[in-house]
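Enquirer: Pasting a structure below so you can have a look.
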Amino acid sequence: MKSSRFAVRLMQTAAIVAFLGACSPQIDWNGQFPDAVTLAKIEPGKSSRATVQAILGGPSSKSVFSDMTWYYIGQQTKTVAFFPPEILQRQVIFISFNETGTVDSIGRLDLMDGKKVVFVDRATPTAGQRITILQQLIGNLGRFAPEEAE
C-alpha cells in the first residue's frame, strides 16, 4: 500500500516537474553579434572589404542597389511554450565603403531604432459576380453539349 502511494506521488512530482520545465523560456541567438574589440580592428579609411570579411565574416545582407554597404544583423529572442517569440535584443551593424573599396564609416542600430511595420489587410475588389460554388455547379448544368463524332 505504501509503495503504491509512493509510486503515485513520484509520478505526480515527475509530471509537475516536466510541465514546469516545458514552460521555461527558451533563449535563441540568431545572426552576428560582434563585440566592440572586434569592431575596433576595422579602421575607417584604412580597412578594405577583404579585411572586413576576414574579421567579421560575410555580411548578413548588402545594400539593395549596390554593395557599398554591408549589414551584420543579430537578434536575441525569448520563446515561452506556444506563445510567439519576444525580441529581447537586436543589433544591426552597417559598414559603408567608398568607391575604392575601403571602409568609409561604421554604424550601429539597435531595437529602439527600428520601426514597427503595420500591414494592411484590405482586399482589392475584382470585377465580376460573386457566386458560391453551389450556384456555379447548378449554373453549369445543361451547358455541356455532347461531343459529335466525326
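What follows is calculated from the coordinates using simple rules that are stated; it is not laboratory data. Only a predicted model underlies this, so the values are computations on that prediction, with no experimental measurement involved. We place every Cβ from the backbone using ideal geometry, glycine too, and count neighbours over all the protein chains shown.
Enquirer: Roughly speaking, what is the stretch gain from Leu109 to Ser96, that is 0.36 nm per residue apart minus the C-alpha to C-alpha distance, in nm to one decimal?
Expert: Details: separation 13, 0.36 × 13 = 4.68 nm, distance 1.38 nm.
Residue separation times 0.36 nm, minus the Cα-Cα distance, leaves 3.3 nm.
Enquirer: Among (1) 26.6; (2) 8.2; (3) 10.9, which is the computed mean projected area of the Cα convex hull in nm²?
Expert: Structure-derived value, by its label: (1).
Enquirer: Collect residues whose amide H, placed 1.01 Å from N in the peptide plane, falls under 5 Å from the amide H of Gln89; neighbours closer than 5 in sequence don't count.
Expert: Gln76
Enquirer: Under a 5 Å amide H to amide H cut-off, with H placed in plane at 1.01 Å, what residues pair with Met68 once short-range neighbours are removed?
Expert: Ser63
Enquirer: Would you mind checking region 48-85 for residues with the amide N under 13 Å from a putative spin-label position 7 Å along Cα→C-beta of Gln26?
Expert: Flagged as within label range: 77-85.
Enquirer: What does the charge count near Glu99 come to, summing +1 for each Lys or Arg and -1 for each Asp or Glu among other residues with Cβ under 15 Å from its Cβ? Walk me through the intermediate numbers first.
Expert: Values: positive: Arg49; negative: Asp67, Asp104.
Charge balance near Glu99 sits at -1.
Enquirer: Taking a threshold of 22 Å on the Cα-Cα distance, which of the pairs Lys62/Lys115; Lys41/Lys116; Lys41/Lys115 fall above it?
Expert: Lys41/Lys116; Lys41/Lys115
Enquirer: Among 36-43, 12-19, what's the highest-first ranking by average C-beta atoms within 10 angstrom per residue? It would help to have the intermediate numbers written out before the result.
Expert: On the way: 36-43: 11.5, 12-19: 9.8.
The packing order, highest mean first, is 36-43, 12-19.
Enquirer: Further, regarding this structure: Output wanted: per-residue J couplings in Hz (rounded whole) for region 118-135, from phi through Karplus 6.51 cos²θ - 1.76 cosθ + 1.60, θ = phi - 60°, x for Gly and Pro.
Expert: 9, 7, 9, 9, 6, 10, 7, x, 10, 6, x, 8, 9, 10, 7, 5, 5, 5
Enquirer: If you stretched the chain out fully between Ala54 and Gln89, how much longer would it get, using 0.36 nm times the residue separation minus the C-alpha to C-alpha distance?
Expert: Values: separation 35, 0.36 × 35 = 12.60 nm, distance 2.54 nm.
Gain on stretching Ala54 to Gln89: 10.1 nm.
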